[in-house]
Amino acid sequence: MSVQPHPAPEAVAAIIPAMNESQRIGATVAAAKQIPGVDMVLVVDDGSADDTGTLARRAGAEVITHPKNKGKAAAMMTGAFALRNREISDADPGVDPHHRALLFIDGDLEDSAMNTAPLAEPVLAGRADMTIAIVPAQKRKGGGFGFVVGLAKKGIAELSGFDATQPLSGMRCLSREAFDAALPFAAGWGVEAAMTIDVVNAGLRVEEVACDLHHRVTGRDLKAQLHRAAQYRDVARAILVRRLRAKRNGGTPAGGVSSTPADSGSSESTQNSSDPHKETGK
């Protein structure tokens, strides 16, 4: 069943899930506040052991704190649901609330967070329901060997027909309808691949957009390899859940494929991780 269209949002809320990002969160928040259309920056401090929340608030963000780490997917949902409650309470009695577009930004982007602005433009224009950032190669050497990316790319294509350029890209802008179509979010590192599958299969429009973003790159030491093993597990689990769901529905996706090439310019529990917000180098 396709999601019924609603009017395009007129404003954007930047939601930043963050854990132990005290060195970068202030610059990230300041840059996010400069994005055209953004009238709210909400940081979800996901069990940080440092002063991430304090520095985010000092930089001008509203902050919600998880006393214990719940993982990125849970932090994203916390932020989005808190925003929805705010929008409902701000609406006049008897008037449907007007929902903002949801711009999800990683906490380590620093000044380059402003370059996520092109993600919001198609959603605000009513041209897309979800946009996904295509990030350039990072200057720092590192990253994985492509196993997780390959698994996610193949799974998305199999289950939705969408050919994702960067299937694990975490910077995305969603309409409220796209967000609802992706619920419940997949566990841990499976959230992005699952989100793409679910939004496309809801019959909504997905557009990839090139964004000049800069973030940390995962290394290749033992800790990094264990991190990638956890990523592979979560992506595989998210794909398996959706493969079984498709089989129950007769073996076909729920909706059609609607996508635009990149601009040249069953509930699954959330995972705890030693660094559940690090999305690079997969």
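Structural remarks
- A single member of 23, 34 is of a type outside the set (Val, Ile, Thr), at pLDDT 95 or above, open to solvent by 10 Å² or more (accessible area, probe 1.4 Å) and within 20 Å of the chain's Cα centre (by Cα), and it is 34.
- Residue match in the range 213-230 (condition: at pLDDT 95 or above and touching a Pro at 6+ places or on another chain (Cβ under 9 Å)): no
- Selection status of residue 121, in a helix (DSSP H, G or I) and under 24 Å from residue 246 (Cβ atoms): no
- Restricting 104, 81 to residues that are in contact with a helix residue (DSSP H, G or I) (Cβ under 9 Å, 6 or more places away or on another chain) and among the aromatic types (Phe, Trp, Tyr) narrows the list to 104.
- Within the range 58-108, tally of residues that are of a type in the set (Phe, Trp, Tyr) and surrounded by fewer than 24 Cβ atoms within 10 Å (Cβ to Cβ): 1
- Taking the numbered list (1) in a loop (DSSP other than H, G, I, E, B); (2) open to solvent by 30 Å² or more (accessible area, probe 1.4 Å); (3) closer than 30 Å to residue 229 by Cβ; (4) not aliphatic (A, V, I, L, M) in turn, residue 167 passes all entries but (2).
- Qualifying positions in the range 83-118 - in contact with a strand residue (DSSP E or B) (Cβ under 6 Å, 6 or more places away or on another chain) and assigned to a loop (DSSP other than H, G, I, E, B): 100, 105, 107
The values are calculated or read from the model by the stated rules, or taken from the named source; none is laboratory data. Please read all numbers here as calculations on a predicted model, not as lab measurements. Every residue, glycine among them, receives a Cβ derived from its backbone with ideal geometry; neighbour counts consider all protein chains shown. Just so you know, the surface numbers come from the protein's heavy atoms only, side chains and all, with ligands and any DNA or RNA stripped out. Shrake-Rupley method; radii C 1.70, N 1.55, O 1.52, S 1.80 Å.
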